[in-house]
Amino acid sequence: MLCNRLVLNFMILVIVQVQGYDHGKSHNLTEMFEFLDNLERRSPSLTHQVLLKSGEGRPIKVFKIAQDGVNVVNNRTQRPKSGRTNNKRTPNLSSVHTQKKAIWIDCGMHGREWISHAFCIYFIQLLVAGNLKFLTSRVTFFVAPVINPDGYEYSHSVDRLWRKNRRKFQTGNRTCFGVDPNRNFPLDTLALNSQGSKSRVSNPCSQEYDGPHPFSEPESMAIQKGLKGAVNQGYQMIGYLTVHCCATVLLSPFGFRREMTPHYRDQMTVLEAAKTAIEANQEGLHYKYGPTSALFGPKRGGVLDWVYLEMKIKFAFAFEMRQRGPGGVQRFLVDESNLLATLRATLAGIEAMTGTILEIDGKGD
């Protein structure tokens, strides 16, 4: 196992040197998309779709990584009929396939969480390079690396700690900007707070403003469109993961109420496996795990509850990465001296998550 890990780390280093994209540094939106565009041109297994445009007109993309560009039809593996390797780059989420297992991963829901975006780019490259064939041979990945491109761009150009999107609101004489995409899902916009009373964030100037109504924002709508499109394409979505930072926790539903899900035991089995793998990979990391409401109190309009209850995806998790550094809001500032180590530890956790999900899924409920 140690030998395999050393070989994988060496191969990762070679990839970085040859392809000229340094995963040990932060990159702006243009650099990330240029890298992914170049990677896609060289990689038959990689396709993308623009799900929606952001409020400021930037593309919200999802990348599909399928082993060797192979499609699954009638439970048999077949090459595209043209015999060519993937000339053009659209996952075609409206086409119909048989049930092939898939996992969705999104990053960058909050602009300031740069290490989240960095992980998705890193993960896509490893999948495409064939370093994770033990995963891609069993499951197709849909990866959306920048769910909130406007917030990310603003965090680079104006306010490093910007969290929300950039939708404009006029409240009296005051102009405020932004909806929190992770409060803009429909379950439950009027959730119980810790005192048991109804509450919602109706102030557009708040960091956690949940928007005028559920799915009012292109970011939340893009996730909905992407997941439903994959299901319509015939994929069985066995897992959903949204990657954030920097709380060093692994989260499951429910967020909107203090109650365990019917699948609590299996969910905790997956999170425990991830915790063990992460902590074994990077010394000094100590992750907590559990339902969102148990660790942070009830939260309104979160993506995990909607994915679990509405999309019926049993294994819906949030991965709050660790970024060593100052506490408070300063923890969002990327310490590039340990960025790669943190990405590798996160990768170990997601490898363990995926393997455990596949194992449990193979046994049935």
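The values are calculated or read from the model by the stated rules, or taken from the named source; none is laboratory data. Just so it is clear, the structure is predicted and the values come from calculations on it, not from any experiment. Every residue, glycine among them, receives a Cβ derived from its backbone with ideal geometry; neighbour counts consider all protein chains shown.
Within segment 342-358, is there a residue that is part of a helix (DSSP H, G or I), modelled with pLDDT under 95, polar (S, T, N, Q) and more than 23 Å from Q125 (Cα to Cα)? No: segment 342-358 contains no residue that is part of a helix (DSSP H, G or I), modelled with pLDDT under 95, polar (S, T, N, Q) and more than 23 Å from Q125 (Cα to Cα).
Being assigned to a strand (DSSP E or B) and touching a Pro at 6+ places or on another chain (Cβ under 8 Å) is the filter here, so list the residues in segment 236-254 that pass it. L251, S252, listed by residue number.
Mind checking whether some residue in segment 168-175 is of a type in the set (F, W, Y) and in contact (Cβ under 8 Å) with a residue 60 or more places away in the chain? Write out each step before concluding.
Here is the first cut: in segment 168-175, the residues of a type in the set (F, W, Y) are 169.
Still in the list and also in contact (Cβ under 8 Å) with a residue 60 or more places away in the chain: none.
Within segment 168-175, none of the residues are of a type in the set (F, W, Y) and in contact (Cβ under 8 Å) with a residue 60 or more places away in the chain.
Among the residues here, G57 qualifies as at positive phi and modelled with pLDDT of 95 or more.
The residue of segment 308-324 that is modelled with the highest pLDDT, among those that are in contact with a Leu (Cβ under 6 Å, 6 or more places away or on another chain) and assigned to a loop (DSSP other than H, G, I, E, B), is M311. Scanning segment 270-292 for residues that are surrounded by 15 or more Cβ atoms within 10 Å (Cβ to Cβ) and under 20 Å from the mean Cα position of the chain (by Cα) yields a total of 13.
Taken across segment 256-266, residues that are under 20 Å from T354 (Cα atoms), at pLDDT 95 or above, within 20 Å of the chain's Cα centre (by Cα) and of a type outside the set (D, E) do not occur at all. Scanning segment 151-165 for residues that are surrounded by fewer than 20 Cβ atoms within 10 Å (Cβ to Cβ) and either assigned to a strand (DSSP E or B) or touching a Ser or Thr at 6+ places or on another chain (Cβ under 8 Å) (or both) yields a single hit, L161. When you look at T47, is it among the β-branched types (V, I, T), more than 24 Å from T342 (Cβ to Cβ) and modelled with pLDDT under 95, yes or no? In short, no.
Only residues that are part of a loop (DSSP other than H, G, I, E, B), closer than 22 Å to I147 by Cβ and touching a Leu at 6+ places or on another chain (Cβ under 8 Å) were counted across segment 255-301, and they come to 4.
Would you tally the residues in segment 118-137 being among the small types (G, A, S) and crowded, with 21+ Cβ neighbours inside 10 Å? So the answer is 1. Here V70 meets the list (1) among the β-branched types (V, I, T); (2) under 17 Å from L46 (Cα atoms); (3) modelled with pLDDT of 95 or more almost entirely, failing just condition (3).
Taken over segment 120-150, the criterion of being within 18 Å of H244 (Cβ to Cβ) and part of a helix (DSSP H, G or I) is satisfied by C120, I121, Y122, F123, I124, P149, D150. For segment 49-67, a residue qualifies if it is surrounded by 21 or more Cβ atoms within 10 Å (Cβ to Cβ) and under 21 Å from L135 (Cα atoms), and the qualifying residues are V62, F63, K64, I65, A66. Residues of segment 166-194 that are modelled with pLDDT of 95 or more, outside any loop (DSSP other than H, G, I, E, B), in contact with a Lys or Arg (Cβ under 9 Å, 6 or more places away or on another chain) and hydrophobic (A, V, I, L, M, F, W, C): C176, F177. Which one of these is among the acidic types (D, E), in a helix (DSSP H, G or I) and modelled with pLDDT under 95: D365, D361, D305? Step by step, each of D365, D361, D305 is checked, and only D361 is among the acidic types (D, E), in a helix (DSSP H, G or I) and modelled with pLDDT under 95.
Would you confirm whether any residue within segment 5-27 is loosely packed, with under 13 Cβ neighbours inside 10 Å, under 27 Å from R160 (Cβ atoms), in contact with a helix residue (DSSP H, G or I) (Cβ under 9 Å, 6 or more places away or on another chain) and modelled with pLDDT of 90 or more? Checking segment 5-27: at least one residue is loosely packed, with under 13 Cβ neighbours inside 10 Å, under 27 Å from R160 (Cβ atoms), in contact with a helix residue (DSSP H, G or I) (Cβ under 9 Å, 6 or more places away or on another chain) and modelled with pLDDT of 90 or more.
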